[in-house]
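Down below is the structure, laid out as structure tokens.
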Amino acid sequence: MTEMTSAPEIHPLALVEPGARLGAGVKIGPWCQVGAHVELGEGVQLLSHVVVAGHTSIGARTRIFPFASIGHEPQDLKFRGEITRLEIGADCSIREGVTMNPGTAAGGGLTKVGNKCTFLAQAHVAHDCQLGNEVLLVNNVMLGGHCQIGDCAIMGGGSAAHQFVRIGHHAMIGGLAGVENDVIPYGLAMGNRANLSGLNLVGLKRRGFSREAIHDLRRAYRLLFAFEGTLKERVEDVALEFADHVQVREILAFIRQGGDRAICVPRAEHEI
């Protein structure tokens, strides 16, 4: 890729406060506002009517569409104006009306978004959330505070995650689902309240996982969420049987790590 050396392009109707740091090739469209503590990486584009505030950094080549509100103070009644941060990675697409808030002092002070993430219109990323790479939030997705979203996870339109929920990498959340418990890596959760409905098979195939890997994941899933014994016992049984399977080990590590929420499991009437 050719190194960018061009000076920033700032529309006459945009407002960039003194102190803002702009990388080469940045383009700021009309009626945008960029705060004094903002850093825009090389090639970032703010199309129009975008407001970037607070101590916010945005990675190279990220594009932000009209009426997005990025970096304003968190929607937390305990917030008292302390300095906290929002970090957004490179090559992200942030569509119309998206809102992202920085962290809070009680939550570690940082909201972080990885690279190559896509946020469709009106999605919301709350304070202290941690998102991996290539995450997709479809229209009107709502993340409560302190959520953790793994690499390549997808949340369908209108879905919501309760605060402190963890969603594992390559997981899929169905549209309009209300997620109040942790969703395992590669899992598929649907419904209100969301329950585990299997594995994200479509996503696994799209990402190039082999037939054998998917077959083993399905076998491990059936064992993990069978109705005999406790989850702890089933985790140990699966760990012995699938000791050499990378993806299964990732799921087991996720479950063992634990969090503030329970693990999302299938409904009793669902087939495993």
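Coordinate-derived values only; no laboratory data. All of these numbers come straight from a predicted model, not from anything done at the bench. Cβ coordinates were reconstructed from backbone atoms using ideal geometry, including for glycine residues, and neighbour counts include every protein chain displayed.
Shape call for the stretch 166-210 from the C-alpha gyration tensor, a ≥ b ≥ c root eigenvalues: rounded (a/c under 1.5), prolate (a/b greater than b/c) or oblate?
Working: a/c = 2.69, a/b = 1.91, b/c = 1.41.
Note, shape of the stretch 166-210 comes out prolate.
Let's see if you can work this out: charge +1 on each Lys and Arg Cβ, -1 on each Asp and Glu Cβ, no other charges. What is the dipole magnitude of the chain about its Cα centre, in debye to the nearest 20?
The calculation lands at about 340 debye.
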- prompt: Relative to the Cα centre, what is the charge dipole magnitude of the stretch 209-257, using +1 at the beta carbon of each Lys and Arg, -1 at the beta carbon of each Asp and Glu, and rounding to the nearest 20 debye?
  reply: 180
query: Given that just one value was derived from the coordinates, which of [x] 1.10; [y] 1.23; [z] 1.04 is Cα Rg over 2.2 N^0.38 Å?
result: [x]
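For the chain, what is the relative contact order in percent, using Cα pairs closer than 8 Å and at least 6 residues apart in sequence? Present the calculation step by step, with values, prior to reporting the outcome.
On the way: 789 pairs, mean separation 23.2, N = 272.
That works out to 9 percent.
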query: Out of Ala36, Ala90, Leu13, whose Cα points farthest toward the positive end of the dipole of the stretch 1-128 (charges: +1 Lys, Arg; -1 Asp, Glu; placed on Cβ)?
result: Ala90
- prompt: Using a simple charge model, +1 on the beta-carbon of Lys and Arg, -1 on the beta-carbon of Asp and Glu, nothing else, what dipole does the stretch 52-201 show about its Cα centre, in debye to the nearest 20?
  reply: 120
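Please state, as a whole number in µm²/s, the translational diffusion coefficient that the Stokes-Einstein equation yields for the stretch 209-257 at 20 °C and 1.002 mPa s, with Rh defined as the Kirkwood radius across alpha carbon pairs.
Details: Rh = 10.8 Å.
For the chosen part, D equals 198 µm²/s.
Please compute the net charge surrounding Thr99, taking Lys and Arg as +1 and Asp and Glu as -1 over other residues with Cβ under 15 Å from its Cβ.
Numbers: positive: Arg95; negative: Glu73, Asp76, Glu96, Asp128.
Overall, the nearby charge balance is -3.
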